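Here's the structure, in structure tokens; my notes come after.
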Amino acid sequence: MRDADDFAALAAESVRQVRESAERWRTGMAALVTLVTTALLLKGPEKAAELPVRWRLTLTIMLGFGLALAIAALWRALQAAAGEPGLVRAADIRARYVTIAAFRVAQAQRAAVQLKHARRLLIPALSLLAAGMLAWWWAPPAPAEALISIEYRPPGASGTVTACGELASADAQTAVVKQSGTSRPTKIPFAQIENMRVPATCP
């Protein structure tokens with residue numbers, strides 16, 4: 001009878017203890033995920049645009065899966081901490097669990113399983129997020145565009161004109177320069193070119 005009383009007291013406290021533990025785990029998980037994502041945001045989305053396409057794709061996959069697993073882990077921890085709302089009737093409890101103590105044990109066990117799932121999901125989530133963050137820090141920048149400045153004399157012009165921008169091609173005796181701020185590239189026949197140089201930047 002004493003063991004039965006002790007078990008009943010233990011069962012009555014088990015749900016509360018498991019949910020309090022799940023709440024602490026959920027808070028810690030959220031803090032870790034926030035720490036990692038904050039470190040990612042310090043780089044800024046404009047920094048990601050400067051990376052090569054292959055690196056951007058790799059980071060998107062790693063960070064996307066990492067965030068998805070982190071959200072799933074936090075959701076399972078929230079389920080363990082808050083429980084699942086629903087109407088509880090004595091007849092249903094007796095039909096399925098026989099006693100109230102068994103019902104409480106089942107609730108505690110369900111919360112414990114949900115917390116275990118959350119902890120298992122958190123490990124790969126943080127691993128992917130941390131790996132993505134480190135890869136972002138060490139990823140090489142995208143190669144700089146090859147700039148060229150061409151001085152040429154159009155037909156009938158009294159002086160030379162300068163076209164500065166990215167050299168798109170130089171085929172068929174024609175240089176094609178993509179200049180910033182213009183939608184159409186500038187086509188310059190080789191016969192009109194008087195001088196060419198490679199600038200660091202274009203004015």
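Points to keep in mind about this one:
- Answer from Ala39, Ala30 - the residue that is modelled with pLDDT of 75 or more, hydrophobic (A, V, I, L, M, F, W, C), within 23 Å of Leu126 (Cα to Cα) and surrounded by 13 or more Cβ atoms within 10 Å (Cβ to Cβ): Ala30
- Residue in region 58-74 that is at pLDDT below 80 and touching a helix residue (DSSP H, G or I) at 6+ places or on another chain (Cβ under 6 Å) present: no
Quick grid of which residues meet (1) loosely packed, with under 13 Cβ neighbours inside 10 Å; (2) in a strand (DSSP E or B); (3) within 33 Å of the chain's Cα centre (by Cα):
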residue: Trp136; (1), (2), (3): no, no, yes
residue: Ile150; (1), (2), (3): no, yes, no
residue: Glu166; (1), (2), (3): no, yes, yes
residue: Arg184; (1), (2), (3): yes, no, no
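- Of all the residues in region 152-164, those that are exposed (fewer than 11 other Cβ atoms within 10 Å of the Cβ) and out of contact with any helix residue (DSSP H, G or I) (no Cβ under 8 Å at 6 or more places or on another chain) number 4.
The values are calculated or read from the model by the stated rules, or taken from the named source; none is laboratory data. As the structure is a prediction and not an experimental result, all values here were calculated from the model. Ideal geometry is used to build each Cβ from the backbone, glycine not excepted, and the neighbour counts take in all protein chains shown.
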